[in-house]
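Peer 1: Okay, here's the structure, questions in a sec.
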Amino acid sequence: MAKKKKKCYSGIGGQAVLEGVMMKNGEKYAVAVRKPDGNIVVEPENYQGILHEAGIKNIPFIRGIFNFLDSLILGMKALNYSAAFYEEEDEKETSVDSRLDRFTGGNTEKFVNAVVTIISVVLAVAIFVVLPYFISALFESYVRNASLIAIIEGIVRIVIFLAYVVGISVMKDIRRLYQYHGAEHKCINCIEKGRPLTVHNVMRSSRLHRRCGTSFIFFVMLISIILFFFIRVDNVAQRVVLRVLLMPVVAGISYEIIRLAGRTDNIFVRIISAPGMWIQRMTTKEPDESMAEVAIASVEAVFDWKGYLYDTFGYEIDDTWLDDGDDKASGGGAEE
């Protein structure tokens, strides 16, 4: 009889990319992409992250800041890799590319990634942190209660985020990205539920996961409402600067909450995770089997899922378990 432990945290995570999935396990990551010719290409690499040798990255609340930055950098790198397969094949190097190569010493890709990441962070802070403050400030003439204004600011921030998610979801390319996002979650849920990693088992797994970046962003919104509610200054410029400076603190706290949610399963965790899981219904879509195949290829490049199932659930997997449709170790039921 198989033994089943209460905890089933696998440690793997990832993100959707253009026609593919990136999976990360420790310092190893792999990007699997379905090329225009229909074949799957998998590119495994190592990414140690910024300040990887510093012990500070293991300090609670501090580590979340660096993990967030690492996610942005690695995510941009993976997206650029996947997009390269869908660029014009006869695209020639421009004079701008040549000048950038000379300027960066041949590190044009790293330079562009860094610039794009910085611009993305600045735009995100401007849209989701600064803009909600100025919108809520419009109500100060009508609402004299500072606490209520702080709550209005938080509501505006959440509304802007939800409007952004819904708005981009109508784009065809984004919808496919959301499907690959769903395939990524299904693979992780399949493994963490103790199921052999087959297309059949992946497709019947849930597309929602507590450790998703969408849930992380929701926690960022929620924690920012709480912090900004209690930390107040009178000067407008100081208010804006404080909000920007506190975002690393917000990210650090949010990371610890999402980390806890991925490792425990009690009623409190379920309650605080519920809103993020609900939002994931918008940021993930049901993938098709070809997308599941791509996600599986990415997982297998960085994670020994057979060893994990044996160590965690007591299942020793052989080839007879890998036939799609086989319900061994399936955990029963359909989507969970």
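The values are calculated or read from the model by the stated rules, or taken from the named source; none is laboratory data. In this text, all values refer to a predicted model and were calculated from it rather than measured experimentally. Note that we place each Cβ from the backbone using ideal geometry, even for glycine, and neighbour counts take in every protein chain shown. Just so you know, the surface numbers come from the protein's heavy atoms only, side chains and all, with ligands and any DNA or RNA stripped out. Shrake-Rupley method; radii C 1.70, N 1.55, O 1.52, S 1.80 Å.
Peer 1: Using the per-residue mean of other Cβ atoms lying within 10 Å as a proxy for protection, in what order, highest first, do the peptides 25-32, 181-188, 58-65, 284-291 fall?
Peer 2: On the way: 25-32: 19.9, 181-188: 28.5, 58-65: 15.0, 284-291: 18.4.
The peptides rank, most packed first, as 181-188, 25-32, 284-291, 58-65.
Peer 1: Counting only protein heavy atoms and a 1.4 Å probe, tell me what percentage of region 167-233's accessible area is made up of carbon and sulfur.
Peer 2: 65 percent
Peer 1: Rank by packing, highest mean first: peptides 69-82, 160-173, with packing defined as the count of other Cβ atoms within 10 Å averaged across residues. Before the final figure, lay out each step's value.
Peer 2: Numbers: 69-82: 19.3, 160-173: 12.5.
For the peptides 69-82, 160-173, the packing ranking is 69-82, 160-173.
Peer 1: A follow-up question, please. Of the peptides 10-19, 122-131, how do they stack up when ordered by the mean number of other Cβ atoms within 10 Å, highest first? Let's see the in-between values first.
Peer 2: On the way: 10-19: 22.2, 122-131: 14.3.
The packing order, highest mean first, is 10-19, 122-131.
Peer 1: Can you flag which of Lys172/Lys306; Lys35/Lys285; Lys28/Lys306; Lys28/Lys172 are past 27 Å Cα-Cα?
Peer 2: Check vs 27 Å cut-off fails for Lys172/Lys306; Lys28/Lys172.
Peer 1: Compute the separation of the alpha-carbon centres of region 207-241 and region 245-298 and state it in Å as a whole number.
Peer 2: 16 Å
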